[in-house]
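A short worksheet on the structure shown next.
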Amino acid sequence: MTKALGTTDYLGRSTPIIDVRSPQEFAQGHIPGAHSLPLFTDEERAIVGTLYKQKGRDAAVLEGLRAAGPKLAGMVSQARAIAPDGHIRVHCWRGGERSASVAWLLDKAGFPEVITLNGGYKAFRNHVLASFGDPPALRVLGGYTGTGKTETLAHLRALGEQVIDLEALAHHKGSSFGALGELPQPTSEHFENLLWDARRGMDPARTVWVEDESLMIGRCRIPQPFFDAMRSALLLFAEMPQEERAERLVAGYGSYPAEALAEAVKRIERRMGPQHCKEALAALRNGDLRTVAILTLTYYDKAYLRGLEARDPGRVVRLPARADDLRGLAERLAHHAHAPAS
């Protein structure tokens, strides 16, 4: 049996999703959790699309059949591996020929339920973008670089708080050193999809914690309505001595190759200042990671302070923090999560 559902009903199902768009389309962005099972390669899709524009639908369909024909048995086998019970969701870009063709194929192969998405991935994207028009009630955790904000968020989650780790979604820690040890970043489009997914199932009546970020986390852009909500939310600023933060940075980044650390320092040379950059690189060559940390923190602290001073002071709460008691910090922060926003 095949049937088409609207976006909300389609996303409300729990059966596996196969995305039959091309690999490049999938890489640009996809429904989180979907499996890529392309009907066409990127090259085949381009050829079919060109034929459609130049010679019409019939010529494009015929070429599509030539390209897809040898793959059909394999697609059925892969779909069975993804959904052994035969209950599966399928979509393409606009809910057109590709998803309809694969749905027909799986139905004929004996799948008891094949659901397609009205409007396809394009409809899903509209759903995602519309969701940012209603941002959650946020509390923002701030603090200078090296304060342990990510670890503190993990403690907040363990305490039962609702948390979205934006840096984890972006695969980037938000500084020149932020890509070290991370997977390749998603596109901004897919970052939006991941952020939408992170909000699913959260209680809209409860506070959601996020870390204070710039608009861009590496190459990922926070959706503007969500970012605006972050900027207007109460900022809980954790104040930790620079010496403790430097120790945390040495512990966190000291195992990376010196060449990678040097490249990260060079990327901020213009803003850090040529002399400070030169000193940091010399210290790095000598294995003096503490001096490197102090010099880079001096730059990042000044940059963060400028942003902090631009905020409404009445929306900033400062809390002392120690590197050896981040759970205690989280407990104090959690108390604020249950206080009414003002």
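Label-point separation (nm) for HIS335 and ALA81, each offset 7 Å from Cα along Cα-to-Cβ?
Inter-label distance under the simple model: 5.4 nm.
Taking K and R as +1 and D and E as -1, what net charge do the other residues with C-beta under 14 Å from the C-beta of GLU263 add up to?
Details: positive: LYS266, ARG267, ARG285; negative: GLU259, GLU269.
With Lys, Arg at +1 and Asp, Glu at -1, the neighbours total +1.
Kindly count the pairs of lysines across the chain whose alpha carbons are less than 27 Å apart, treating pairs on different chains or eight or more residues apart as eligible.
So the count works out to 19.
First obtain the Kirkwood hydrodynamic radius of the chain from its Cα pairs, then insert it into the Stokes-Einstein equation at 25 °C and 0.890 mPa s, and state the resulting D in µm² per second as a whole number.
Values: Rh = 23.0 Å.
Answer from the Stokes-Einstein relation: 107 µm²/s.
If you average the alpha carbon positions of segment 1-70 and of segment 194-269, how far apart do those two centres end up, in angstrom?
Measuring centre to centre over Cα atoms gives 35 Å.
Which whole-percent values make up P(r) of segment 178-324 when all C-alpha to C-alpha distances are grouped in 10 Å steps starting at zero?
9, 31, 35, 22, 4, 0
Can you list residues whose amide H is under 5 Å from ARG221's amide H, if they're 5+ apart or on another chain and H is modeled 1.01 Å from N?
Result for ARG221 returns SER188.
Obtain the nm distance between the two label points defined at ALA158 and SER36 by a simple spin-label model: each point lies 7 Å from its Cα along the Cα-to-C-beta direction.
Label at ALA158, label at SER36, 3.6 nm between them.
Counting only residues 5 or more places away or on other chains, whose amide H sits under 5 Å from the amide H of ARG89 once H atoms are built in the peptide plane?
ILE17, ILE18, ILE115
Kirkwood Rh, segment 112-239, all Cα pairs: how many Å? All intermediate terms of the calculation are to be shown ahead of the outcome.
Details: mean 1/r = 0.0640 Å⁻¹.
After inverting the mean inverse Cα-Cα distance, the result is 15.6 Å.
Once the piece of chain linking ARG66 and ALA258 is laid out straight, how much longer is it, given 0.36 nm per residue of separation minus the C-alpha distance between them?
Going from the current span to full extension adds 63.9 nm.
Counting only C-alpha contacts under 8 Å and six or more residues apart, can you give the relative contact order of the chain as a whole percent? Display every interim value, and only then the final one.
Values: 500 pairs, mean separation 61.9, N = 342.
Computed over the chain, the figure is 18 percent.
Over its Cα atoms, what ratio of radius of gyration to 2.2 N^0.38 Å does segment 2-129 give?
Values: Rg = 14.0 Å, N = 128, 2.2 N^0.38 = 13.9 Å.
For segment 2-129, the normalised Cα radius of gyration is 1.00.
None of the figures in this text is laboratory data; all of them are computed from the coordinates on show. Quick caveat: nothing in here was measured; it's all calculated off a predicted structure. Neighbour counts run over all protein chains shown; Cβ positions are idealised from the backbone, glycine included.
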